[in-house]
1. Starting from the coordinates of the alpha-carbon atoms of the range A:22-126, obtain the Kirkwood hydrodynamic radius over all distinct pairs and give the value in Å to one decimal.
2. For the range A:113-254, compute the orientation-averaged projected area of the C-alpha convex hull (one quarter of its surface), in nm².
3. Normalise the Cα radius of gyration of the range A:119-174 by 2.2 N^0.38 Å (N = residues in it) and let me know the number.
4. Just the C-alpha atoms of the protein assembly as shown: what Rg/Rh do they give, with Rh taken as the Kirkwood radius?
5. Can you tell me, using C-alpha contacts under 8 Å and at least 6 residues apart, the relative contact order of the range A:88-199 as a whole percent?
6. If you wrap the range B:87-153's Cα atoms in a convex hull and average its projection over all directions, what's the area in nm²?
7. In terms of modelled amide H atoms, which long-range or inter-chain residues lie less than 5 Å from the amide H of residue A:28?
8. In percent, how large is the relative contact order of chain A, given Cα pairs closer than 8 Å and 6 or more residues apart?
Amino acid sequence: MIPFEYRTPKNLKEVHATLKEFGSDAKLIAGGTALVIMMKQRLVRPTCLVSLRSVRGLNSIELKDGGLRIGGLATHREVESSALVRRRLPLLAETYHHVATIRVRNRATVGGGLAHADPNQDPPPTLIALGATVKATSPNGSRVIPLDEFFTDYYETVLNLDEIITELNIPKMATNTGAAYLKFLPRTADDYATVSAAAVLTLDKSHKIIHDVRIALGSVGTTPIRATAAEDLLRGQPVKAEAFAEAGEKAKEAVDPVSDFRGSAGYKKEMAGVFVRRALEKALANIRQLAKAKPAAKTTKKTVKKRRKR
Amino acid sequence: MNKKIKLRVNGKKVEAEVPTNRLMIDFLRYDLGLTGTKEGCSVGVCGACTVLVNGDMVSACLELAVFADGHDITTVEGLAKNGELHPVQKSFIQYGGFQCGICTPGQVVAAKALLDENPRPNEEEIKDWMMGNLCRCTGYYKIIESIQKAHQFAK
């Protein structure tokens with residue numbers, strides 16, 4: 001690693017001032033699990049590291065409008081072990097649990113992971129399927145960016161140099177909705193996915209018609225990919241196994257994987273279709289599971305309310 | 001460029017001036033002489049350099065020494081108290097939780113972190129937690145057994 005200046009601003013205002021001082025030669029660092037490796041390999045050579053580790057108040061995980069609001073500096077481990085996340089959106093805890101090892105998850109932050117924009121990561125497909133947005137804050141204010149418009153290329157996003165991800169927002173799931181994330185891991189448990197797919201499926205009241213669906217894939221292109229054509233094929237259609245298989249076939253047209261030691265491009269494309277189908281099937285099973293568990297869920301709600309009054 | 005840092009390493013106060021690009025693994029090994037922590041892959045995958053920062057396990061090869069300013073580091077040298085080995089160390093010895101030994105400091109520190117959180121983990125919980133600590137001798141059965149039986153040595 002080449003020598004660099006190391007700054008530890010205490011709040012966002014100081015962070016922005018330091019970024020302004022060093023311009024494009026500065027790099028933000030939070031967990032550092034990705035950036036330190038890139039600096040060791042001299043792929044990135046900042047003259048100043050602006051640490052976010054002393055910035056307080058950006059790692060909370062809370063309810064917001066029935067959905068979840070997660071601070072940009074919350075670690076992967078904080079998300080996966082949060083009682084609130086596990087209760088409200090178990091899929092999100094499960095997805096963050098899939099990332100690398102506990103050592104990495106203890107350090108890697110939610111905002112840092114997204115800004116790193118490696119298309120092989122686990123959280124983006126799940127977050128895109130859930131309709132998540134990020135809040136990016138610059139000295140001029142904040143803007144909200146839907147995650148399916150956030151990634152532009154390998155390691156590149158729409159973020160400007162002076163913008164910091166301060167929040168990740170995941171909206172409340174509609175009723176009659178199920179969600180699933182599948183990670184195809186033929187090698188080791190801590191590996192990147194060979195192919196990953198997330199699906200969030202909403203049925204109508206009768207549970208016979210697909211009201212809405214969102215599908216996203218990882219590790220099959222230069223960014224995480226939302227399979228909109230496959231979604232269009234399903235919306236308004238009756239719930240049938242054939243429809244899921246067709247959507248899987250359609251999703252294959254949206255992907256553009258590269259051949260590497262995890263598989264050939266052709267193989268990954270095939271697997272993308274298979275895993276989209278399976279994710280849809282699992283999301284459907286999730287709806288049925290939730291419907292069965294409903295009476296129990298009501299009682300829990302009451303007890304939670306009672307506890308709050310105390 | 002150098003920076004002054006103040007931290008605790010295995011309970012002892014340490015003050016040092018380190019180059020900003022000094023890695024924690026090198027700071028521990030070369031500046032403090034704590035060579036129990038090993039460097040394996042250098043990219044955070046193998047777990048040989050596992051240390052605890054404020055009780056959380058991390059890869060010392062991915063941490064900068066300056067990150068440790070104001071924090072509390074535990075390395076394998078800090079597990080024994082008053083000359084008595086930690087229960088997990090006793091268990092690794094009793095149940096043969098190592099072969100060549102290069103991964104052992106990392107295994108022991110990671111196992112300590114697990115046992116702090118979950119004193120009686122089952123096999124699945126151990127595998128899930130220890131997944132990122134690789135043993136190239138593939139002595140996993142004995143490592144799992146050692147962790148599972150460590151409670152026998154706790155007072």
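Only the coordinates and a few stated rules stand behind these numbers; no lab work does. On a predicted model such as this, the values are computed, not experimentally measured, just so you know.
1. Result for the range A:22-126, one decimal place: 14.5 Å.
2. Details: hull surface 37.1 nm².
Its Cα hull, projected and averaged over all orientations, spans 9.3 nm².
3. Rounded to two decimals, the normalised Rg is 1.14.
4. 0.98
5. Dividing the mean separation by the residue count of the range A:88-199 yields 31 percent.
6. 3.7
7. Correct list: A:50.
8. Over chain A, the number comes to 14 percent.
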